[in-house]
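Computed from the coordinates by the stated procedures, all read-outs in this text should not be read as laboratory data. Computed from a predicted model, the values in this text were never measured in an experiment. Cβ placement follows ideal geometry from the backbone for every residue including glycine, while neighbour counts extend to all protein chains displayed.
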Amino acid sequence: MPLKLDEVDASIIRSLMRDARKSFRQVSRETGVSTPTVKARYQRLVRAGLIRAAVLDVDLSKLERGKMAGMGMAGRMGQQWHHGRLRKGMLVGIKCDYCKGQVGGKPSVLKLGNSERLFCCTSCRSLYREKYQGRLRQVL
Ligand SMILES: [Zn+2]
């Protein structure tokens, strides 16, 4: 007998299709379905073969063209980059989570549960924390 999807299944799938990195707890919060139910439904959908894989979506445009660690601005990366091949030493451009500017040196990090936000400087980090204080308390 085929598995008949209900609104709970559909909302779990929709939530994970937006970002499959989410934990069952995050999906639970988003959909209003309890965490154990999310987990059980997810496993059932995997067993049924409807959910085949959680695919990693890599933004290759974040790789800094022509730049590799320790090579400065050497243009030797151009070709490899064109083929979308990942190599060790490639640099990933990081934007500040507050001012959206390029993070030049070592980013200033704000840990939020099991994720983190990156900033160009400590004042952007403080301003971000002030701005999102209410929401951050819910996350932690
Ligand atoms: Zn900034």
- Spin-label model distance (nm) - M17 vs K39, 7 Å beyond Cα toward Cβ: 2.6
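Here is the link list: K4/K39; K22/K100; K39/K62; K106/K131; K62/K95; K88/K111. Which ones come out longer than 21 Å on Cα distance?
Numbers: K4/K39 17 Å; K22/K100 24 Å; K39/K62 33 Å; K106/K131 23 Å; K62/K95 10 Å; K88/K111 26 Å.
In this structure, K22/K100; K39/K62; K106/K131; K88/K111 exceed 21 Å between Cα atoms.
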- Message: Place a point 7 Å from Cα of N114 in the direction of its Cβ. Which residues in segment 1-45 have their backbone N less than 11 Å from it?
- Response: 21-26
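Determine the sum of side-chain charges near E30: Lys and Arg each +1, Asp and Glu each -1, restricted to other residues whose C-beta is under 11 angstrom from that of E30.
Numbers: positive: R14, R18, K22, R25, R29; negative: D19.
Summing Lys/Arg as +1 and Asp/Glu as -1 gives +4.
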- Quick one: go through segment 1-40 and flag any residue whose amide nitrogen is under 12 Å from the point 7 Å out along the Cα-to-Cβ line of L50. 2-15
- Task: Just subtract the alpha-carbon distance of K88 and K100 from 0.36 nm times their residue separation and send over the number in nm, one decimal.
- Result: 1.8 nm
